[in-house]
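Undergrad: Handing you this structure, nothing more for now.
Laboratory data are not the source of any read-out in this text; all were calculated from the coordinates shown. Computed from a prediction, not measured in an experiment: that's the story for all the values here. Here the Cβ positions follow ideal geometry from the backbone for every residue, glycine too, while neighbour counts run over all protein chains shown.
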Amino acid sequence: MQKAYKLQGKHRHYDWGGKTFIPNLMGVENVNHLPYAEYWMGAHPSASATINMEEGARALITLIQDNPVLWLGKETAHLFDSLPYLYKILDVRDMLSIQVHPSKENAVIGFNAEEKSGIPIDATNRNYKDKNHKPEVMVALSDFWLLHGFLPPDILEERLNSYFYFRPLINEFRGVDYQNLYSFFMQLPLEASDSILKPLLIEAAEAVKRGTVTKKDPHWWAHKYYAEGIPAKNIDKGIFSIYILNIVNIPKYQGIFQGAGLLHAYLEGQNIELMANSDNVLRGGLTPKHVDVKELLQHVTFVPTYPAILKGASLNSHELDFACPVPDFGLTKIAILQGDSYTISTHSLELLLVIEGEISIEGIIFKAGECAALQANSSIEIKASLPSVMFKSYVPK
């Protein structure tokens, strides 16, 4: 009985995406020069992947609904209504919004409150689209940059001191008070925040022009956001976050986990991302989308963050595990030399994304950029016809 199938995901053409990485990886000709921001592999209701069956392409979400135990496995089907994660490839050309995700408990509370108030589920000012949390793990496919949690207190205080326009804010931080500092600035009248951010952005533009800053410096990213010109007023307050959050550089094939309450933003690069199947995002700027500062402040965890880069823990000579402290998903990297084979035993529905090389499973060829859907409770032999690197998503036992 067939256990492995070729999965066709869904491309998402958001404006912030690059135009070459995903098409080149997947062998797609981008004749219309569209931004290829994300490639979704999963059973998300708005963009379910399809599975190539003998009778034709079938939506993965429908297959799971028709026979959840077959596809998900008994335990996963019991714990979750559908595939509990969404697997993606991202190409971040322009930085994404400053954001935080709610805990599962708070997502339920927020969703029910917005339902009760009658806000349509597709309204632009809707914060909660579902009752789920949205933890996420990412692994870089290139040199990747992101903002990830608040700076340690001594570094943050030094940062505020080093920029003339931020020095009055030292009194709001008081060495440890992240909540007061961030809340104070985010709730300033626009005229007051403009008086801080506009001269700062002018200084940033001059520093970039002189070549005195690199991507490790917040000036670099502040200037990138307003590279086409600094507005006369109403400057996005998200600029402030660039200066008070950790700027993290992640090398290829290393990663990081981001849980509920962590203020973060992707800045630049390509990665794979695995997250709980949710659309709940609370934004704090650097976006034309809905920003709800009052709601955002209810969910940020106001503590310093010391970024923990994930290099992967060895399971054996072929497979590395990236630690994900949630029940919704897990992620491993598998590397196989040309001519070798490797057998995995699936517990849940597992998605095997080929990033380099070429493999075969049950006689089906999978090239770089292609994804195999592996049914639960199966023994799957992977044969490599070229040196190959894959990333496997799964639901933990």
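Undergrad: Which residue, L286, F322, T305, has the largest displacement toward the positive end of the dipole of region 282-349 when charges sit on each Cβ (Lys, Arg +1; Asp, Glu -1)?
TA: L286
Undergrad: In nanometres, what is the gap between the two model label sites at Q338 and V69, each 7 Å from Cα along Cα-to-Cβ?
TA: So the label points at Q338 and V69 sit 4.6 nm apart.
Undergrad: Sticking with this one: Which of the lysines could a cross-linker span from K209 if the Cα-Cα distance has to be under 28 Å and same-chain partners fewer than 8 positions apart are dropped?
TA: Cross-link targets: K19, K198, K224, K233, K237.
Undergrad: Any idea how far apart E55 and E356 come out in nm if each label point goes 7 Å out from Cα toward Cβ?
TA: Inter-label distance under the simple model: 4.1 nm.
Undergrad: Another question, then. Would you be so kind as to identify which of L83, P68, S97 lies farthest towards the positive end of the dipole of region 64-131, taking Lys and Arg as +1 and Asp and Glu as -1 on Cβ and the Cα centre as origin?
TA: Checked the options; the winner is S97.
Undergrad: Helix 153-162 against the longest principal axis of the chain: what's the angle in degrees, Cα atoms only, rounded to the nearest 10?
TA: Once rounded, one gets 50 degrees.
Undergrad: Would you work out if the chain is rounded, prolate or oblate? Take a ≥ b ≥ c from the square roots of the eigenvalues of the alpha-carbon gyration tensor; rounded if a/c is under 1.5, else prolate when a/b is larger than b/c, oblate otherwise. Could you put the intermediate results ahead of the total?
TA: Values: a/c = 2.04, a/b = 1.67, b/c = 1.22.
Prolate, because a/c is 1.5 or more and a/b exceeds b/c.
Undergrad: From the phi angles alone, apply the Karplus equation (6.51, -1.76, 1.60; θ = phi - 60°) to region 284-295 and give each ³J(HN,Hα) in whole Hz, x where the residue is Gly or Pro.
TA: Listing the rounded values in order: x, x, 6, 7, x, 6, 4, 10, 10, 4, 4, 6 Hz.
Undergrad: Please build a GNM for the chain, connecting alpha carbons under 10 Å apart, and tell me which residue among V92, V281, V208 fluctuates the most.
TA: Looking only at V92, V281, V208, the biggest GNM fluctuation is shown by V208.
Undergrad: Classify region 28-108 as rounded, prolate or oblate from the Cα gyration tensor: take a ≥ b ≥ c as the square roots of its eigenvalues, call it rounded if a/c is under 1.5, otherwise prolate when a/b beats b/c and oblate if not.
TA: oblate
Undergrad: If a/c stays under 1.5 just call it rounded; otherwise compare a/b with b/c (prolate if a/b is bigger, oblate if not). Do that for region 186-274, with a ≥ b ≥ c from the square roots of the Cα gyration tensor eigenvalues.
TA: oblate
Undergrad: Over region 174-257, calculate the relative contact order: mean separation of alpha carbon pairs under 8 Å at least 6 apart, over the residue count, as a percent.
TA: 31 percent
Undergrad: Next up: For region 1-92, what does the relative contact order come out to in percent, with C-alpha contacts under 8 Å and a separation of six or more?
TA: Across region 1-92, relative contact order equals 31 percent.
Undergrad: If you look for lysine pairs in region 86-150 that are eight or more places apart or on different chains, how many of them have Cα atoms under 18 Å apart?
TA: Close lysine pairs under the 18 Å cut-off: 6.
Undergrad: Averaging sequence separations of C-alpha pairs under 8 Å and six or more residues apart, then dividing by the length of the chain, give the relative contact order as a whole percent. Let's see the in-between values first.
TA: Values: 918 pairs, mean separation 86.7, N = 397.
Result for the chain is 22 percent.
Undergrad: Sticking with this structure for a sec: Could you work out the helix-only [θ] at 222 nm for the chain, with each DSSP H run of four or more residues adding -39,500 (n - 2.57) and the total divided by the number of residues, to the nearest 500 deg cm²/dmol?
TA: -7000 deg cm²/dmol
Undergrad: Under a cut-off of 18 Å between alpha-carbon atoms, report the lysines in cross-link reach of K383, not counting same-chain residues fewer than 8 places apart.
TA: Within reach: K3, K6, K333, K367, K392.
Undergrad: How would you rank H223, H78, H318, going from fewest to most other Cβ atoms within 10 Å of each one's own Cβ?
TA: H78, H318, H223
Undergrad: Any idea what angle helix 104-116 forms with the longest principal axis of the chain, computed on alpha-carbon atoms, 0 to 90 degrees, nearest 10?
TA: 80 degrees
Undergrad: Between T214, T305, T20, which gets the highest mean-square fluctuation from a Gaussian network model of the chain, Cα cutoff 10 Å?
TA: It is T214.
Undergrad: Under 10 Å, Cα contacts only: if you run a Gaussian network model on the chain, which one of V139, V69, V354 comes out with the highest mean-square fluctuation?
TA: V69
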